[in-house]
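Beneath this line is the structure, given in structure tokens, with notes to follow.
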Amino acid sequence: MTRLRAILAEGVALVIGDPQADRLVPPTGFTARLTTFAAGAMAFLAVFALALSLASGRLAARWSEELARSSTIRISAPAEERAAQTEAVLRILQATPGVAQARAIPAEEAAALLEPWFGPNLPLDTLPVPQLIEVVEESTGFDPQGLRLRLTAEVPGAVLDDHTRWRAPLVQAASRLRILGLLSILLIGATTAAMITLAAQAALAANAQVIAVLRLVGAQDGYIAQAFVRRFTLRALSGAGIGVAFGLVAVWLLPSAQEAGGFLTGLGYRGWHWVLPLVIPVLGAGVAFVATSAAARRVLRELT
């Protein structure tokens, strides 16, 4: 209980401050500009790192859901047998438990799928393009191994691709990108702490003579440290707030998610995720509080 009261008293003192103690810390100068700029720049970058992490999470979830519920059957057969084999495969799929929908992809749609690689006006009738059948699964899914065995027995030219081979690497890549975004946020926090620590040490060292005089008249080290901690914490809070504001505007100006643009057009925040960056200034102030407190204690011990 005593410890809690001490923490609350320290928090109140940090917010209210002491006009006499605040005079110890230069209101302007190199350390003030460095603290504000470092906090603002790091907060700006943290907004984008957080957006990247959230977008990667959405991408991994979407890819996993969409690819897990879809499969493709490829029919490679002579042209005169292709229609009959397609009908046979569709009949098998209708009787397969776990298959919600199955349809043969028409030639026009197949040409549209191949257009990005081969260009428009692709003559499919002169190319050995297989017939594709799109299979949409139910939530329970179907038995791919059993379906492969049945297709091998009844339609030898049909091959089932349940997207497992290339679904897992895509989801894994998106998940790792999300982890990299979170790691970037941690590195940004560590860099902010290092720069604020350097600024606090420089400010304390520059006021060594003033600190010595205050000690002679009875000022405690805790009183002196509190002045520096309060000033640097508020500077970091204001700088991070400015950086987050500019970062949110920049993210808002990014292109919205589009099918043609792919992942690069979906880096913004969605829904309640717009609230998350507002926590960054508070975290920046917390980092500044811890870093400045440690720096103040260390420098004051050295000046003893």
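The values are calculated or read from the model by the stated rules, or taken from the named source; none is laboratory data. Just so it is clear, the model here is predicted, and its values are computed rather than measured. We place every Cβ from the backbone using ideal geometry, glycine too, and count neighbours over all the protein chains shown.
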Going through region 188-215 in order, the residues found to be more than 19 Å from GLY286 (Cβ to Cβ) and hydrophobic (A, V, I, L, M, F, W, C) are ALA202, ALA203, LEU204, ALA205, ALA206, ALA208, VAL210, ILE211, ALA212, VAL213, LEU214
ALA79: passes all of (1) of a type outside the set (Asp, Glu); (2) more than 23 Å from ARG148 (Cβ to Cβ); (3) surrounded by 14 or more Cβ atoms within 10 Å (Cβ to Cβ) but (3)
Just one listed residue, out of LEU204, LEU170, LEU160, is within 26 Å of the chain's Cα centre (by Cα) and either of a type outside the set (Phe, Trp, Tyr) or surrounded by 14 or more Cβ atoms within 10 Å (Cβ to Cβ) (or both), and it is LEU170
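Matching residues to (1) among the hydroxyl-bearing types (Ser, Thr, Tyr); (2) out of contact with any strand residue (DSSP E or B) (no Cβ under 8 Å at 6 or more places or on another chain); (3) assigned to a helix (DSSP H, G or I):
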residue	(1), (2), (3)
GLU134	no, no, no
SER139	yes, yes, no
GLN145	no, yes, yes
ILE188	no, yes, yes
MET195	no, yes, yes
ILE211	no, yes, yes
LEU214	no, yes, yes
ALA219	no, yes, no
PHE228	no, yes, yes
Review point. Out of curiosity, is ALA199 crowded, with 19+ Cβ neighbours inside 10 Å and either assigned to a helix (DSSP H, G or I) or not assigned by TED's automatic domain parsing to the domain that holds ALA288 (or both)?
Key: yes
Note: among ALA55, ALA102, just one is at pLDDT 65 or above, in the same structural domain as VAL229 (by TED's automatic domain parsing) and crowded, with 18+ Cβ neighbours inside 10 Å, namely ALA55
